[in-house]
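Visitor: This structure is in structure tokens; I'll ask about it shortly.
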Amino acid sequence: MRPLGPQGPSHEVGLSSSWYQGTPVALLTQHGKQTLIRDPLEAAMGCRLVHTDAFDTDQLGTFTGDVARAGSQRDAARSKARMGMQLTGARVGLASEGAFGPDPFSGLMPWDTELLLWVDDAHGWEVLGMAHGPARHVQRELGTMAELQQLAAEAGFPEHHLVLRPAGLADATHIHKGLHTPDALAAAFEACRNASPQGRVLAESDLRAFANATRQQLIRQALDDLITRLQSACPACGAPGYWVSERLPGLPCAECHSPTRLPLAEVWRCSACGHHEQRPMAGGGLADPMRCDQCNP
Ligand SMILES: [Zn+2]
Ligand SMILES: [Zn+2]
């Protein structure tokens, strides 16, 4: 058996890499994601990525808050994938969607969750790839060039671009996005300071994919996850995306042997034909008594 992480399959699965051979796959993006995605995806799946930028995805929501985003992150990805399919005529679409918030552990660190959703209307299924990790995201009001230098260092500038706007102005007309040279940054800072009633500037990380090296790494990881799932074939019908749909609790405690809330088995399910099976968790064994409601209530 292969050594695998907690999210990985606990058994060998068939490969379905010929399923999408030559299939056109729509990708709607204006933010340079096609250059991150094309080569690894085409090499793994044999599909043909059809990039389009014929719709302004910023109308669906932006990170800088000038356009609010509607629905869940997965819904947003699905809308984008479908829009790309409409624009190109492809029956398979792919979309990337990132979301930023506090980390799930301490709630103190900025955190990035990247989704890559594969929508196949020819067969009627979706496959989701995901990655998450610490984000490079700073946001502050500044008054001096020295404060700007300090923020730029913290933000990982210029590999991570910056956005500046005048403090105290409600409209977004004076916003400067995608700043990635020291000269452009200094000029935008002066322009924003002059436009601000308080003479102050709001500075933040540019979170668009092409402007943020940390996001690019996470999008590549989400792509690896998606490819692993797409290549996992249903043993009954051969369709791609055969994966864990739920985990069943009940791993016995090492001390008292009563069932705990830790997973005992996982259910693998095919979204194409409904075939499913129960498999014991990789590693199996017994639960730490620290996690047992009987021994450690
Ligand atoms: Zn199946
Ligand atoms: Zn116990």
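The values are calculated or read from the model by the stated rules, or taken from the named source; none is laboratory data. Everything quoted here is computed from the prediction, not taken from an experiment. Positions of Cβ are backbone-derived with ideal geometry, glycine not excepted, and every protein chain shown enters the neighbour counts. Side chains are part of the model used for accessible areas, which takes the heavy atoms of the whole protein and leaves out ligands, DNA and RNA. Shrake-Rupley method; radii C 1.70, N 1.55, O 1.52, S 1.80 Å.
Visitor: Among the residues of segment 166-193, how many are open to solvent by less than 60 Å² (accessible area, probe 1.4 Å) and touching a residue at least 40 places away in the same chain (Cβ under 8 Å)?
Guide: 4
Visitor: Same structure, new question: Could you tell me whether any residue of segment 212-229 is in a loop (DSSP other than H, G, I, E, B) and either open to solvent by 10 Å² or more (accessible area, probe 1.4 Å) or within 16 Å of ligand 2 (Cβ to nearest atom) (or both)?
Guide: Here is the first cut: in segment 212-229, the residues in a loop (DSSP other than H, G, I, E, B) are none.
There is no residue in segment 212-229 that is in a loop (DSSP other than H, G, I, E, B) and either open to solvent by 10 Å² or more (accessible area, probe 1.4 Å) or within 16 Å of ligand 2 (Cβ to nearest atom) (or both).
Visitor: Select from segment 217-262 the residues that are of a type in the set (A, V, I, L, M) and within 16 Å of ligand 1 (Cβ to nearest atom) and write down the one among them that is nearest to Arg279 (Cα to Cα).
Guide: Going residue by residue through segment 217-262, those that are of a type in the set (A, V, I, L, M) are 218-219, 222-223, 226-227, 230, 233, 236, 239, 244, 248, 251, 254, 262.
Checking which are within 16 Å of ligand 1 (Cβ to nearest atom) leaves us with 230, 233, 236, 239, 244.
Working: Leu230: 20, Ala233: 16, Ala236: 16, Ala239: 19, Val244: 10 Å.
Only one residue tops the list, namely Val244.
Visitor: Under the condition of being within 16 Å of the chain's Cα centre (by Cα) and of a type in the set (Lys, Arg), which residue from segment 194-218 is nearest to Leu179 (Cα to Cα)?
Guide: Once the filter is applied, the top-ranked residue is Arg208.
Visitor: If I go through segment 263-277 residue by residue, how many of them are open to solvent by 60 Å² or more (accessible area, probe 1.4 Å) and more than 16 Å from ligand 1 (Cβ to nearest atom)?
Guide: Summing the residues that are open to solvent by 60 Å² or more (accessible area, probe 1.4 Å) and more than 16 Å from ligand 1 (Cβ to nearest atom) in segment 263-277 gives 1.
Visitor: Please verify whether Ala203 is under 30 Å from Gln30 (Cβ atoms), touching a Leu at 6+ places or on another chain (Cβ under 8 Å) and outside any helix (DSSP H, G or I), treating the condition exactly as stated. Step through it out loud before you land on a result.
Guide: Working: under 30 Å from Gln30 (Cβ atoms): yes; touching a Leu at 6+ places or on another chain (Cβ under 8 Å): yes; outside any helix (DSSP H, G or I): yes.
Spelling it out, Ala203 is indeed under 30 Å from Gln30 (Cβ atoms), touching a Leu at 6+ places or on another chain (Cβ under 8 Å) and outside any helix (DSSP H, G or I).
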